[in-house]
1. Being modelled with pLDDT under 95, more than 13 Å from residue B:257 (Cβ to Cβ) and surrounded by fewer than 20 Cβ atoms within 10 Å (Cβ to Cβ), is that true of even one residue in the range A:276-288?
2. Please determine, by comparing only the residues of the range B:16-36 that are outside any strand (DSSP E or B) and surrounded by 15 or more Cβ atoms within 10 Å (Cβ to Cβ), which one is nearest to the other protein chains (Cβ to nearest Cβ).
3. Out of all the residues in the range B:1-26, which are free of Cβ contacts under 8 Å to residues at least 40 places away in the same chain and over 24 Å from residue B:62 (Cα atoms)?
4. Filter the range A:21-38 down to residues that are in contact (Cβ under 8 Å) with a residue 60 or more places away in the chain and under 16 Å from residue A:180 (Cα atoms), then give me how many there are.
5. Could you go through the range A:254-268 and let me know if any residue there is surrounded by fewer than 19 Cβ atoms within 10 Å (Cβ to Cβ) and within 19 Å of the chain's Cα centre (by Cα).
6. Out of all the residues in the range A:170-181, is one or more more than 21 Å from the chain's Cα centre (by Cα), modelled with pLDDT of 95 or more and closer than 30 Å to residue B:228 by Cβ?
7. Which residue out of A:123, A:107 is modelled with pLDDT of 95 or more, more than 24 Å from residue A:191 (Cα to Cα) and in contact with a strand residue (DSSP E or B) (Cβ under 9 Å, 6 or more places away or on another chain)?
8. Could you look through the range A:283-302, keep only residues that are part of a loop (DSSP other than H, G, I, E, B) and touching an Asp or Glu at 6+ places or on another chain (Cβ under 9 Å), and pick out the one that is farthest from the other protein chains (Cβ to nearest Cβ)?
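The values are calculated or read from the model by the stated rules, or taken from the named source; none is laboratory data. A quick note: this is a predicted structure, and the numbers were derived from the prediction, not measured. Methodologically, a virtual Cβ is constructed for each residue, glycine included, from the backbone with ideal geometry; neighbour enumeration extends over all protein chains shown.
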Amino acid sequence: MSTEQNNEQMPDWSQYRGVLVFVEQRSGTAKKVSWQLLGAGKKLADKLEVPLMAFVIGDQVDHLADEAIYYGADRVFLCQGPELQDYRTRPYSRITLKLIEEHKPEICLFGATGTGRDLAGAIATHLPTGLTADTTELDVEPHPSRLLLASRPAFSEKMMATILCKQYRPQMATARAGVFQALPRDPERKGEIVLIANPTEGEQIATEVVNFIEQTGTVNLEEAEIIVSGGRGLGGIEPFRLLKELADELGGQVGASRACVDAGWIAHEHQVGQTGYTVRPKLYFAIGISGAVQHTVGMAGSDVIIAINKDENAPIFQFAHYGIVGDLFQIVPAITAEVKKRKAAKEDPTMAFKV
Amino acid sequence: MLHIVVCIKQVPDSREIRIDPVTNTLIRQGVPSIVNFYDLHGLEEALRIKDELGACVTVVTMGPPPAEKSLKECISLGADRAVLVTDRKFAGADTLATSYVLAKTLEKVAEEFGAIDMVFCGKQTLDGDTGQVGPGIACRLDLEQLTYVGKVIHVDPEKRRVRVERKLEDGIEVVETSFPVLITALKELNKVRRAPMPGMIRAARFKPTVWTTNDFPDIEISKIGLKGSPTIVSKTWVPEVRKVNGEKIAGVAPEQIAEQLMEKLWGSELAQKLGWA
């Protein structure tokens, strides 16, 4: 019995302390997910009573080390050089590995972006340790277990699973953009910046970034105050035009459920829900969206939700503040017209009599 | 001649998995098994390189014996050779243990069938959704790693270089590297062909090469299967979302409904918050 208990006992990890966050950047601009991860990491670090650390790799990115402190980091590791301007797996993973081996964080967090997943996947294999992908909830058990509770959607978003890594350190996770909240930026905040040498300096690197074509588009669901989202009920690409007209009239943005993105009706950057963005706008329209849990977890935090669906039993109505049962092809243009009318009345008060 | 290896996985079509509303558990019955579709895009790209430059395409998978069906599908599309790595001891593997076994498999493939120039994997699987196995294999075999590739621009077998487009959240990165390279494939990479009749005939009679742990004398048992997997699923649950059950707005004419709705919104604190009022 006692041997069994011994087997169950966790190794001594007392050398591993602190939470480390990767600050992803391109051309000196940090990805928002980096600050969101510092927000998530701060809660973990406070609970474990350890420092929150960040690391920045790039060329001429001193200012991002300061920014990381403003967003909650107590200590920032900074590695710079012209050859580090673009992300490349080999040099970036060598630097990160050296950092982890020397400073032994107990938890490492990366954005679940192309770059973050590329880097984290390489590092976890090298170390080796466990890596949980695409987490949407992060928590820790307090001392002495200090286990990271990394939760993520599973089985095409239909369930959530909590993943543990008991026998290895650090515990690693990538986390989705737009799910966690950044701390308010505080330029008065103080922290320590530690410069680290580039261990790959002067080495020949086979991979060469030839060009980068920016395609940011105009969609930014995370910051939109109003989102007009469409689902399977739209039936195709064309009806999104109706949603776009309403969104334009309201000064909002167009969102979509996963079904529409999977069907190729609209780009992934519009997707709300577990594999898309978690949004909290002031006003959210769910149009032709049945209300599967993988969608609703991404929008239920909105201040006011309006659902339009022809099926009066659609689950979406349970989450809506205002529910309209009817034909979206008639109702959406009517709402757009009504908004136009009211805007005109506001700009020209004499119109109010005609409304 | 180029030797290209494609790693595939047979997965339950998770889009078909339902949750039992009473017990909150997965209903796996009747869920079809398919080749993870990102992997098929990897295979298609390998076949296109084969058509253009000449290459030998080897497909490998780790899985239970029925995964043979998926390998046959790859053969019908035009792959030259297929290897099934199967053993109960591999079961329960997470991404770390999986990449270990696949790396060992690729080493053996290179020994038996010739050095490998390129490896294709799907960007992630439908059931695991992690995208970690590709980078894991690249790391273990010291391959160059190009993830999230949406287009192969140019393959130069003389200079042993490849140029691709990686599709990232904020744009497209054009990047070049040397063989041996591991590429993970997006849907945008290509359109997967249909199996031609001769391919289907060949597949029907095809028997893949089967390797078990016995075929890997130096494999470390502590690194495979459940034992070799650092991550553990501690619990699963069906997420619940706050329900508000708000009011229904009904009417005959759409205009009437729209007006009622806007009347309510305009009269609420939302209108103030949005600066409408």
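1. yes
2. For the range B:16-36, the residue satisfying everything is B:17.
3. Answer for the range B:1-26, where residues must be free of Cβ contacts under 8 Å to residues at least 40 places away in the same chain and over 24 Å from residue B:62 (Cα atoms): B:18, B:20, B:21, B:22, B:23, B:25.
4. Looking only at that region, the number is 11.
5. So in the range A:254-268, the residues surrounded by fewer than 19 Cβ atoms within 10 Å (Cβ to Cβ) come out as A:262-264, A:267-268.
Subsequent filtering for residues that are within 19 Å of the chain's Cα centre (by Cα) retains A:267-268.
Yes, that holds for at least one residue.
6. Yes, the conditions are met somewhere in the range A:170-181.
7. Of A:123, A:107, the one residue that is modelled with pLDDT of 95 or more, more than 24 Å from residue A:191 (Cα to Cα) and in contact with a strand residue (DSSP E or B) (Cβ under 9 Å, 6 or more places away or on another chain) is A:123.
8. Taking the range A:283-302 as the starting set, the residues that turn out to be part of a loop (DSSP other than H, G, I, E, B) are A:288-292, A:297-302.
Subset that is touching an Asp or Glu at 6+ places or on another chain (Cβ under 9 Å): A:290, A:292, A:297.
Working: A:290: 13, A:292: 10, A:297: 5 Å.
Among those that are part of a loop (DSSP other than H, G, I, E, B) and touching an Asp or Glu at 6+ places or on another chain (Cβ under 9 Å), it is A:290.
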